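After the structure tokens below, expect a handful of questions from me.
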Amino acid sequence: MEKNLERIREYFAADNFAAHAGMVIDFAGEEGVQCGMEIAELHRNADRAVQGGVIFTLADFAFGVHSNLGRVLGREKGNTVGQSCGISYFRQPAGKRLIARSTLLSKGRRMRVYRVEVCDELGNAVAEMIGNGFTIGA
């Protein structure tokens, strides 16, 4: 699995926005994906809270990695893109790190649905996103 993780990280290193924001892939497998990031000053809004767009982007990054694992590893064809996403925010994160964990809820020929749970390093639930993906070019 370590070889696959290196390959996945290498592929998604080209996601310039995620890389610039400090997002990393902690682990990735069929059972789930975990991405994380250290909270920096540039992630804070005028009220000094973590900007909602940062939390959403981390969730979206985990969704993107998970929904395209098969293609990156050569097991599937086509690119899965976000068709719609809904996010609920629960609380501001405590600590210095955000973690997004993606799990597959449903997978059809072209449609996929993922749940991405975002928590802080202390285990507090911060947000949950449901992402619907559509596979094109398969």
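Tell me which aspartates and glutamates have Cα within less than 18 Å of K107's Cα, excluding those fewer than 8 residues away on the same chain?
Answer for K107, where 18 Å is the Cα cut-off: E30, E31, D60, E76, listed by chain and number.
Please give me, ordered by residue number, the GluC sites (Glu not before Pro) of segment 10-49 that lie in loop per DSSP and have at most 14 other Cβ atoms within 10 Å.
E30, E31
Still on this structure, please answer the following. For every helix of n ≥ 4 consecutive DSSP H residues, a contribution of -39,500 (n - 2.57) applies; sum these over the chain, divide by its total residues, and give [θ] at 222 nm rounded to the nearest 500 deg cm²/dmol.
Calculated at 222 nm, the ellipticity per residue is -7500 deg cm²/dmol.
Could you give the length gained on full extension between L5 and A94, defined as 0.36 nm per residue of separation minus the Cα-Cα distance, in nm?
Gain on extension, L5 to A94, equals 29.2 nm.
Still on this model: Starting from 0.36 nm per residue, how many nanometres of slack lie between I130 and R115 once their C-alpha separation is accounted for?
Length gained between I130 and R115: 4.9 nm.
Further question: Please identify every one of the GluC sites (Glu not before Pro) in segment 82-138 that sits in a loop by DSSP and has no more than 16 other beta carbons within 10 Å of its own beta carbon.
Those satisfying the criteria are E121.
Whole-Hz ³J(HN,Hα) for each residue in segment 45-56, computed from phi via Karplus 6.51 cos²θ - 1.76 cosθ + 1.60 with θ = phi - 60°, x for glycine and proline: what do you get?
8, 5, 8, 6, 8, 5, 4, x, x, 5, 4, 5
Mind listing which trypsin sites (Lys or Arg not before Pro) in segment 6-102 are in a DSSP loop and have 14 or fewer other Cβ atoms within 10 Å?
Here the sparse-neighbourhood loop sites are R48, R75, K77, R91, K96.
Have a look at L122, L98, L58 and tell me which one the Gaussian network model of the chain (Cα, springs below 10 Å) gives the largest fluctuation.
Of the options given, L122 has the highest mean-square fluctuation.
What span do the alpha-carbon atoms of segment 70-138 cover on each of the three principal axes, reported in whole Å from largest to smallest?
Reported extents, whole Å, longest axis first: 41, 23, 15.
Mind listing the long-range amide H neighbours of E76? Cut-off is under 5 Å, sequence gap 5 or more, other chains count too, H placed in the peptide plane at 1.01 Å from N.
HN-HN under 5 Å from E76: R71.
Counting only other residues whose beta carbon sits under 15 Å from that of G32, what net charge do I get with K and R as +1, D and E as -1?
In short, -1.
Also, quick follow-up: Starting from the Cα of K3, draw a straight line to each of the lysines and keep only those under 23 Å, dropping any in the same chain fewer than 8 residues away.
Within the straight-line cut-off, K3 pairs with K77.
Report the rotationally averaged projected area of segment 2-136 based on its alpha-carbon convex hull, in square nanometres.
Averaged projected area of segment 2-136's Cα convex hull equals 7.9 nm².
Each value in this text was obtained by applying a stated rule to the coordinates, not by laboratory testing. Note that the structure is a prediction, hence the values are computed from the model and not measured. Note that each Cβ is placed from the backbone with ideal geometry, even for glycine, and that neighbours are counted across all protein chains shown.
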